[in-house]
Amino acid sequence: MGYYAPFPHPAVALEDVSVRLGGLQILDSVSIAAPRGAVTGLIGPNGAGKTTVFNVMSGFVPADSGSVVLNGQHVHHVRPQQLTRRGVARTLQGVGLFPSLTVLDNVMMGAPTRFGVIADALAMPWVDRERRQMEERAREALVSLGIEGESSRLPSELPYPVQKRVALARALVSDPSVLLLDEPAGGIGEADMQDLERLIRSSVPDRTVVLVEHHMELVMAVCDFIWVLDAGQVIASGTPDQIRSDPAVLAAYLGEEGAA
Ligand SMILES: Nc1ncnc2c1ncn2[C@@H]1O[C@H](COP(=O)(O)OP(=O)(O)OP(=O)(O)O)[C@@H](O)[C@H]1O
Ligand SMILES: [Mg+2]
């Protein structure tokens, strides 16, 4: 596979993945790879298929053909509920928080559990212990994002950028080795942007980060390597400098502006 040439042992990859949804070809033989311990960008115009790539990587959408590498392993059937155990966490485009749960409970939803709902329902004593540990980890995640004071609020009571921090805390609470971020910069201001940039930079090399983002300044500042999707196909890949001056990329984005 050509794309393996620069990254022979990717942490995360799609190999020739195609997806059809609602009679449309959403991904068409997409091959992309993210090297371990680096920040890899995935960019492209609206509707290019970026979120679908994450949905395939995390098992929300099955690939019609092709295969997935997740945290260094070929995975034939990705199960969303096993992501945390595989060391993978993702944020959703927007915020994707549970509206009726407090901030703390939302973050705890991202923590790995060993015993599951049955032990929970039977109120086994070790479940209590696990719950306390999860709560402690969730509180630490909130502290690391500077929002520990909001733990008992509901998401709707908080400004959007704070909700985005809660979503990040929920992804980080499992201490994932692979972090998939879907538009983390959407709807946040300059100060939050700087914190986000620092968070992404300081995630590597301990974590592998894949960043879907429209905010080009952030993408160019933090990514080691970038893949560009347009209409379900990879149209370019390279370093930020290469991507910045790639005629196919410029054309894809100009096409989007022309259509808007
Ligand atoms: N379940 C579905 N059924 C039919 N079409 C879908 C479905 N999910 C996504 N699509 C379509 O697939 C295409 C790619 O969607 P996707 O959300 O992956 O794009 P994206 O690159 O993340 O865009 P954006 O930058 O706007 O978030 C779009 O045309 C979208 O309408
Ligand atoms: Mg998207």
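Structural remarks
- Of everything listed in (1) touching a Lys or Arg at 6+ places or on another chain (Cβ under 7 Å); (2) more than 18 Å from residue 110 (Cα to Cα), the single unmet condition for residue 193 is (1).
- Against the list (1) closer than 29 Å to residue 220 by Cα; (2) buried (at least 16 other Cβ atoms within 10 Å of the Cβ); (3) within 16 Å of ligand 1 (Cβ to nearest atom), the condition residue 63 fails is (1).
- Number of the exception - residue 164 against (1) surrounded by fewer than 18 Cβ atoms within 10 Å (Cβ to Cβ); (2) within 16 Å of residue 214 (Cβ to Cβ); (3) basic (Lys, Arg): (1)
- Close Cβ contacts (under 7 Å, 6 or more residues apart or on different chains) running from residues in the range 37-62 that are under 14 Å from residue 231 (Cβ atoms) to residues that are of a type in the set (Lys, Arg) and modelled with pLDDT of 95 or more comprise 44/50.
- Residue, farthest from the chain's Cα centre (by Cα), within the range 187-209, restricted to residues that are surrounded by fewer than 16 Cβ atoms within 10 Å (Cβ to Cβ) and assigned to a loop (DSSP other than H, G, I, E, B): 189
- The one condition from (1) outside any strand (DSSP E or B); (2) farther than 21 Å from residue 94 by Cα that residue 234 does not meet is (1).
- Candidates in the range 215-260 are the residues that are touching a strand residue (DSSP E or B) at 6+ places or on another chain (Cβ under 7 Å) and of a type in the set (Asp, Glu); of these, the one that is surrounded by the most Cβ atoms within 10 Å (Cβ to Cβ) is 246.
- Residues of the range 32-69 satisfying the condition of being within 23 Å of residue 202 (Cα to Cα) and polar (S, T, N, Q): 40
- Filter pass, residue 212 being buried (at least 22 other Cβ atoms within 10 Å of the Cβ), of a type in the set (Val, Ile, Thr) and not assigned by TED's automatic domain parsing to the domain that holds residue 41: no
- Hey, residue 105 free of Cβ contacts under 8 Å to residues at least 40 places away in the same chain and out of contact with any Gly (no Cβ under 8 Å at 6 or more places or on another chain) or not: yes
- First in the range 25-36 and among the acidic types (Asp, Glu), second anywhere and part of a strand (DSSP E or B) and within 11 Å of ligand 1 (Cβ to nearest atom), Cβ under 9 Å, 6 or more apart: 28/19
The values are calculated or read from the model by the stated rules, or taken from the named source; none is laboratory data. Here the structure is a predicted model, which is why all the values come from computation and not from measurement. Cβ coordinates were reconstructed from backbone atoms using ideal geometry, including for glycine residues, and neighbour counts include every protein chain displayed.
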